[in-house]
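Structure, as structure tokens:
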Amino acid sequence: MMRMAKHILLALSLCFLLSGCGIYSFSGTSIQADIETITIVPVVNNAMKINPSLANDLTEALKDQFRKMTKLSEAEMDGDLVLEVIIQSYDITPQAITANEVASQNRLTVTARVNFTNSKHSQDSFENKSFVAYSDYNSELSLDAVEATLCEEIIKTLVEDIFNASVAQW
């Protein structure tokens, strides 16, 4: 009986410890209790080479990530958190050069600049932070043949990095 009481007391202490700071979350986020809304401004594509669906796909992926991983409500404007993303570059560069001085692999790289505003806790805000993601592909394939798959991978990486920098503070 005494042993069971110790286990219960230990379990209760652990619960109080984990909930005591009010900002711990099992999803890995560090969102203060007074933050309730987020505004995700539609992504702007300022890259020289433009993928017509990239900005919209990135916007929707960011919204999905915040919907899945937080309890924040989406606000059209003036949310407690505001996330603004601008795609700065969309570049293809040769990677693995063969003996014949021909690229055997190319790399698609996307660079995004992010402004994150926390209106209630300004110390968590940041401006003009760059995020870069890339994916390599065989140069024998045309970009058109692999672009959709590459962009999915790149968007996934960008979303994880932006999410972690903004609300997980990694």
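The values are calculated or read from the model by the stated rules, or taken from the named source; none is laboratory data. These numbers were taken from a predicted model, which means no experiment stands behind them. Cβ sites come from the backbone with ideal geometry, for glycine too, and all protein chains shown count toward neighbours.
Does any residue in the range 145-163 that is under 19 Å from Asn106 (Cβ atoms) come within less than 6 Å, Cβ to Cβ, of a residue that is in a helix (DSSP H, G or I) and among the small types (Gly, Ala, Ser) six or more places away or on a different chain, and which pairs are these?
Once the first residue is under 19 Å from Asn106 (Cβ atoms) and sits in the range 145-163, its partners that are in a helix (DSSP H, G or I) and among the small types (Gly, Ala, Ser) give Ile155/Ala61.
Please state which one of Val110, Val159 is of a type in the set (Val, Ile, Thr), within 23 Å of Thr39 (Cβ to Cβ), touching a Phe, Trp or Tyr at 6+ places or on another chain (Cβ under 6 Å) and at pLDDT 95 or above.
Just a single option satisfies the conditions, and that option is Val110.
Do any residues in the range 127-140 that are in contact (Cβ under 8 Å) with a residue 40 or more places away in the chain have Cβ atoms under 9 Å from those of residues that are not in a strand (DSSP E or B), where the two are at least six apart or on different chains, and which pairs are they?
What qualifies is Asp136/Gln95; Asp136/Ala96; Asp136/Leu150; Ser139/Gln95; Ser139/Ala96; Ser139/Val102; Ser139/Ser104.
What do you reckon, is Asp91 within 30 Å of Ser125 (Cβ to Cβ) and either assigned to a helix (DSSP H, G or I) or modelled with pLDDT under 95 (or both)?
The answer is no for Asp91.
Got a number for residues in the range 137-156 being touching a Pro at 6+ places or on another chain (Cβ under 8 Å) and modelled with pLDDT of 95 or more?
Final tally of qualifying residues: 0.
Which ones in the range 60-102 are farther than 20 Å from Asn46 by Cα, in contact with a strand residue (DSSP E or B) (Cβ under 6 Å, 6 or more places away or on another chain) and buried (at least 17 other Cβ atoms within 10 Å of the Cβ)?
Once the filter is applied, which keeps residues that are farther than 20 Å from Asn46 by Cα, in contact with a strand residue (DSSP E or B) (Cβ under 6 Å, 6 or more places away or on another chain) and buried (at least 17 other Cβ atoms within 10 Å of the Cβ), the range 60-102 yields Phe66, Leu72, Gly79, Asp80, Leu81.
If you take the residues in the range 131-164 that are under 25 Å from Phe116 (Cα atoms) and in a strand (DSSP E or B), which one is farthest from the chain's Cα centre (by Cα)?
So the residue we want is Tyr134.
Across the range 22-70, which residue is farthest from the chain's Cα centre (by Cα) among those that are modelled with pLDDT under 95 and of a type in the set (Gly, Ala, Ser)?
Here the residue is Gly22.
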